[in-house]
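Single-structure report; data block below.
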Amino acid sequence: MAGFRIGRGRDNGAPHARPQQPPYGQQAPQGQPYGYPPAPQPHPGQWTQGGGGYDEPEYFGDGSGAPHPQGGPDPYAANNPGHTQAFSVGEDPYNPGGTYRAGSAPAGPVGPRLHWKDLLKGILLSPKQTFLQMRDYTMWGPALVVTFLYGLLAVFGFEDARQDAINATLSNAIPIVLTTAVAMVLSAFVLGVVTHALARQLGGDGAWQPTVGLSMLIMSLTDAPRLIVAMFFGGDASFVQLLGWATWVAAGALLTLMVSRSHDLPWPKALGASAIQLIALLSIVKLGTF
């Protein structure tokens with residue numbers, strides 16, 4: 001008689017056989033039976049393959065350094081090495097626009113170019129706004145014409161040259177006056193270039209043409225009253241010398257203000273940049289020599 005083995009078809013108290021783990025580094029096949037560990041999930045920000053396609057990359061972080069979900073900083077956040085951060089068009093990621101930079105020039109001209117009449121009047125009546133508005137414009141026409149006219153009168157500021165021009169005939173006086181005028185234009189141009197070069201050495205950021213043009217106009221307009229009076233009283237008269245000192249101080253104040261506005265410099269540096277031009281003007285006014 002056929003007999004049945006006790007416990008046939010039962011576990012008979014024996015422990016279950018544990019399923020074998022897949023080799024290290026291999027992924028268990030899809031539809032794996034119960035007992036296999038879940039397949040390792042890729043970390044956010046990595047490319048993964050599954051389901052017959054590629055998942056889209058994930059970018060995290062807005063630059064605020066948000067912590068990782070498991071605690072601690074997220075190594076995949078933006079601004080970390082190897083990861084990206086989006087910037088708007090025209091934005092400089094290495095130099096934020098909101099940061100103040102000493103000595104930086106304005107983004108553009110403060111206002112429109114002034115007419116030559118408004119320019120000459122503004123230098124004497126509203127110099128601060130005029131210098132700031134004209135720091136990005138050239139003014140060679142007014143500068144050369146005004147300086148040349150100033151040079152025509154300059155001969156009367158020097159006693160010896162004044163006597164020679166008065167006593168000479170017209171044919172001889174014209175070359176003397178014209179030569180003095182051309183010499184004054186060249187001297188004013190060279191002094192303006194020197195002032196600009198010193199301003200740049202001290203950290204200024206202005207353009208050389210507006211600086212030179214404005215310095216020529218300042219030199220001519222401030223010294224013109226002395227020359228007009230000297231035509232009648234002579235350059236050696238005490239009143240003319242006193243007026244020359246006053247106009248020299250005015251020229252120093254205007255030059256310092258102009259360099260400060262044109263080159264975005266504090267007034268001590270602006271005064272230092274104007275020092276050579278002021279010393280040259282002082283020698284002309286005080287000593288009466290050219």
Open item on the list: At 1.4 Å probe size, put H115, H196, H263 in order of accessible surface, largest to smallest.
Closed with: H115, H196, H263
Open item on the list: At 1.567 mPa s and 4 °C, plugging the Kirkwood radius over alpha-carbon pairs of segment 150-250 into Stokes-Einstein gives what diffusion coefficient in µm²/s?
Closed with: 88 µm²/s
Open item on the list: Just the number: Rg to Rh for segment 162-213, Cα atoms, Kirkwood Rh, two decimals.
Closed with: 1.30
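Give me the net charge of L114's neighbourhood, meaning all other residues with Cβ under 15 Å from the Cβ of L114; Lys, Arg count +1, Asp, Glu -1. Let's see the in-between values first.
Working: positive: R113, K117, K121, K128, R135, R261; negative: D118, D136.
Summing Lys and Arg as +1 and Asp and Glu as -1 gives +4.
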Task: Whole-Hz ³J(HN,Hα) from phi, Karplus 6.51 cos²θ - 1.76 cosθ + 1.60, for segment 167-183, glycine and proline x - done: 7, 7, 6, 4, 5, 8, 6, 4, x, 5, 5, 5, 5, 5, 5, 5, 4
Task: Packing-based ranking, highest mean first, of 162-172, 179-189 given that Cβ atoms within 10 Å are counted - done: 179-189, 162-172
Open item on the list: Please list 3J(HN,Hα) in residue order for segment 265-271, calculated via the Karplus relation 6.51 cos²θ - 1.76 cosθ + 1.60 where θ = phi - 60°; whole Hz, with x for glycine and proline.
Closed with: 10, x, 5, x, 5, 5, 5
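The values are calculated or read from the model by the stated rules, or taken from the named source; none is laboratory data. As the structure is a prediction and not an experimental result, all values here were calculated from the model. Quick reminder, even Gly has a Cβ in these numbers, built from the backbone with ideal geometry, and neighbours come from all protein chains shown. Ligands, DNA and RNA are stripped out before the accessible areas are found, and what is left, the full protein with its side chains, is counted by its heavy atoms. Shrake-Rupley method; radii C 1.70, N 1.55, O 1.52, S 1.80 Å.
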